[in-house]
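The values are calculated or read from the model by the stated rules, or taken from the named source; none is laboratory data. Note that the structure is a prediction, hence the values are computed from the model and not measured. Virtual Cβ from ideal backbone geometry, glycine too; neighbours counted across all protein chains shown.
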Amino acid sequence: MVLTEARQNWKLKFTAGSITDDSTPGASICLYQGGRLVDSDYEPLSKPDPVQITDRQPSSITLILPPSKTGRTDRLRVEYRPVRTDLFPCVGKWRYLETRDNGEDCVISGLERDTQFQIRHVAVDRVGVGEFSDITVTETVSGSGPGHPIVLSADRNSDSLSWCSQAEAGEAVEGRPVLCYRLEDR
């Protein structure tokens, strides 16, 4: 195909060629944009490792986004979608958010509680997007908790507390039982 024909049709996305260069051993990728050399040693983005889930709440999931091991990442795109397991495994449309942080916490908020989600991410550079990470499946937690504690006794060395169970508090008990409580003395 002649380059002028490709310009008329606007179908040319990229072109590849091989040129021997005795001054540069091995192979390198030269990136041209608008007919000008932009980078003589362009490194394409690699597939990032899957996201790491650090916290799950009723309406949000916090995760760490491992960066692409190669290339210069401008930003990361996180995509997520709900999975309905009560019917035939059915997935919704991908929603997304973009962040400039590599390896930092990323919070996906505004999620439906007690819902399973598929999450993946991809590195984006000035040329485009790399390959998506493998999908991570996680879910938001149920929003019902034990309620406020009742102080049974308290002295200088210890406190004795009690909680109503979800059933005693009049809440429907579905799904996961509460296995333990964590107390923080502030």
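Residue-wise test of (1) loosely packed, with under 15 Cβ neighbours inside 10 Å; (2) hydrophobic (A, V, I, L, M, F, W, C); (3) touching a residue at least 40 places away in the same chain (Cβ under 8 Å).
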{"residue": "Leu45", "(1), (2), (3)": "no, yes, yes"}
{"residue": "Pro48", "(1), (2), (3)": "no, no, yes"}
{"residue": "Asp55", "(1), (2), (3)": "yes, no, no"}
{"residue": "Lys69", "(1), (2), (3)": "yes, no, no"}
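Identify the residue in region 9-36 that is exposed (fewer than 10 other Cβ atoms within 10 Å of the Cβ) and not in a loop (DSSP other than H, G, I, E, B) and, among all such residues, is modelled with the highest pLDDT.
Across region 9-36, the extreme among qualifying residues is Arg36.
Quick one: is Val129 closer than 26 Å to Gln33 by Cα, aliphatic (A, V, I, L, M), in contact (Cβ under 8 Å) with a residue 60 or more places away in the chain and touching a Phe, Trp or Tyr at 6+ places or on another chain (Cβ under 7 Å)?
no
Quick check on region 88-105: of everything there that is modelled with pLDDT under 90 and not charged (D, E, K, R), which residue is surrounded by the fewest Cβ atoms within 10 Å (Cβ to Cβ)?
Here the answer is Phe88.
Restricting region 137-186 to residues that are modelled with pLDDT of 80 or more, part of a loop (DSSP other than H, G, I, E, B) and of a type in the set (Val, Ile, Thr), which is farthest from Pro50 (Cα to Cα)?
Only one residue tops the list, namely Val141.
Could you check Val78 against (1) assigned by TED's automatic domain parsing to the domain that holds Ile108; (2) part of a strand (DSSP E or B); (3) modelled with pLDDT under 85 and say which number it fails?
Condition (3) is where Val78 drops out.
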